[in-house]
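Structure, as structure tokens:
The values are calculated or read from the model by the stated rules, or taken from the named source; none is laboratory data. All figures in this text were calculated on a predicted structure; none of them were measured in a lab. Note: ideal-geometry Cβ built from the backbone for every residue, glycine included; neighbour counts use all protein chains shown. Ligands, DNA and RNA are stripped out before the accessible areas are found, and what is left, the full protein with its side chains, is counted by its heavy atoms. Shrake-Rupley method; radii C 1.70, N 1.55, O 1.52, S 1.80 Å.
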Amino acid sequence: MSRFEVISADSNGSGRIANFDSGRHRFTTPVFMPVGTRGMVRLFPADHLEAIGFEVMLANTYHLMLRPGAELVHELGGLHRFMGWNGAILTDSGGFQVMSLGATFTEDGARFRNVYDGSWVELTPEGAVQAQEALGSDIAMVLDVCTNLPAERSALERALSLTTAWSMRARAAKTRDDQAQFGIVQGGTERDLRQISLEAVLEIGFDGYAIGGLAVGEERGLTLDTVAYCVERLPLDRPRYLMGVGDPWTVAHAIGLGVDMFDCVAPTRLARHGVALTSTGRISVRRLSYRRESASLDERCECPTCVRYPMSFLCHLAHVDPQSLGTLLTVHNLSFMAALVRRARSALEHSTYEIFLKEIDLIWS
Ligand SMILES: [Zn+2]
């Protein structure tokens, strides 16, 4: 059985610091989880993640169940062994990927084309549980139906009712005691739909609760309002996970509202496109004005990239070897996200969260 223990709470707000223990691996929250889509953060070995201090990462069930196959990973000793990762792993259910790939949804499940060979694949709520249990992650997500925003209310309602029905089936299909299972609150930015979804997932009862269906096209003030509405209605003694959000401003504000976990591909994807997240904002390293810059990328950053290389070298790589630059900027951007969360934890501990948010607003709002 997993354990979640709040060890410190903001005396002026709702943010908190906690430990999550799956029984096999543990990590401290608030936490940002890097995304290893196919088992590895692109261009980035697992020991680099450990060196930055990451304790938990995300892997995509959708990709791993298609290639190499969840059962094969199980036979090979499970996902931790397969990925060479000593920390905790959260697997998503595949719901977001199948939405992105234009799946059709029926009462029974989702039907989509295998991205690798074009064959038809059915993914049911029970199938998503079985795949994640075979993979052996620490935290499994229920299969949900996510909707891009803006969306017709009828589309949101249908996504919500399917997600609720599938959540019940997923809970019933669970067999592993050493894997936590998180439910997902859907409903777009409509409060009454969120309320219906909250009541349904809380009634079923999960080891943790995710807020899904946000950062899919809506204005980020609205993202935050919806997060606040949901968090106020979630139990204090369970982890809260805001799915797919990694923009520094939203992460910092959501931590202040009491969100514990985040994941997003943006920091690593931006890195591969030559864009750095820094203490002065976003920087595109390609700009020719950096060709003669002898200072580091970010003076406030102590990551190996900033300690070792001048900006001029990063700019040079951007023009001649963007893949190598991608690795160096992945080091930096993930270090930036880890440092952001560390600063947030420190501000929570010292009851200075308001001051921290003002600093964030100056750069990122
Ligand atoms: Zn750096």
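Working note: Debye formula, equal point scatterers on the alpha-carbon atoms of the range 153-284, no solvent; log10 I(q)/I(0) at q = 0.21 Å⁻¹ is -1.23.
For the range 263-338, GluC sites (Glu not before Pro) are listed when DSSP marks them as loop and at most 14 other Cβ atoms sit within 10 Å of their Cβ; the list is GLU299, GLU302. Rounded to the nearest 20, the size of the Cβ-charge dipole of the range 265-355 about its Cα centre is 260 debye, with Lys and Arg at +1 and Asp and Glu at -1. Scaling the Cα radius of gyration of the range 3-263 by the globular reference 2.2 N^0.38 Å produces a ratio of 0.94. What is the range 1-41 by shape, rounded, prolate or oblate, if you read a ≥ b ≥ c off the alpha carbon gyration tensor as root eigenvalues and call it rounded for a/c under 1.5, prolate for a/b larger than b/c, and oblate otherwise? Oblate, because a/c is 1.5 or more while a/b does not exceed b/c.
Computed over neighbours whose Cβ is under 12 Å from that of GLY213, the net charge equals -2, Lys and Arg +1, Asp and Glu -1.
Computed over protein heavy atoms with a 1.4 Å probe, the accessible surface of the range 3-263 works out to 38 Å² per residue. Rounded to the nearest 20, the Cβ-based charge dipole of the chain about its Cα centre (Lys and Arg +1, Asp and Glu -1) stands at 1020 debye. Simple spin-label estimate for ARG24 and MET40 gives 2.1 nm between the two label positions (7 Å along the Cα-to-Cβ direction from each Cα). Over the chain, Cα pairs under 8 Å with separation of 6+ residues give a relative contact order of 17 percent. Once the Cα atoms are used to define both axes, helix 353-364 deviates from the longest principal axis of the chain by about 70 degrees. For trypsin sites (Lys or Arg not before Pro), the sites in the range 160-235 that DSSP calls loop and that have at most 16 other Cβ atoms within 10 Å are ARG176, ARG233.
For the chain, the longest principal axis of the C-alpha atoms and the axis of helix 191-204 are separated by about 70°. Calculated [222 nm] ellipticity per residue, helices only, for the chain: -13500 deg cm²/dmol; basis is -39500 (n - 2.57) per DSSP H run with n ≥ 4, divided by all residues, nearest 500. For the range 128-169, the set of GluC sites (Glu not before Pro) satisfying both a DSSP loop assignment and a count of at most 11 other C-beta atoms within 10 Å is given as GLU152.
Please give the helix 125-135 orientation as an angle from the longest Cα principal axis of the chain, in degrees from 0 to 90, rounded to the nearest 10. For helix 125-135, the angle is close to 50 degrees. The alpha carbon convex hull volume per residue for the range 265-355 rounds to 91 Å³.
The local environment of GLY109, defined by Cβ-Cβ distances under 12 Å, has a net charge of -3 under the rule Lys, Arg +1 and Asp, Glu -1.
Summed over the residues of the range 264-349 and divided among them, the accessible surface reaches 51 Å² per residue at a probe radius of 1.4 Å.
Charge tally for VAL245 (other residues, Cβ to Cβ under 15 Å; Lys, Arg +1; Asp, Glu -1): -4. Its relative contact order, with pairs defined as Cα atoms under 8 Å and 6+ residues apart, puts the range 265-355 at 34 percent. Volume of the convex hull of the range 36-174 (Cα atoms only), normalised per residue: 118 Å³.
If you plug the beta carbon distance of ARG176 and LYS358 into 1/(1 + (r/R0)^6) with R0 = 41 Å, you get a FRET efficiency near 0.40. Taking only protein heavy atoms and a 1.4 Å probe, the accessible area of the chain is 50% carbon and sulfur. The label-point distance for ARG300 and ARG81, in a model that sets each label 7 Å from Cα toward Cβ, rounds to 4.4 nm. A cysteine counts as unpartnered when no other cysteine's C-beta lies under 4.7 Å of its own; in the chain this applies to CYS146, CYS230, CYS264, CYS303, CYS315.
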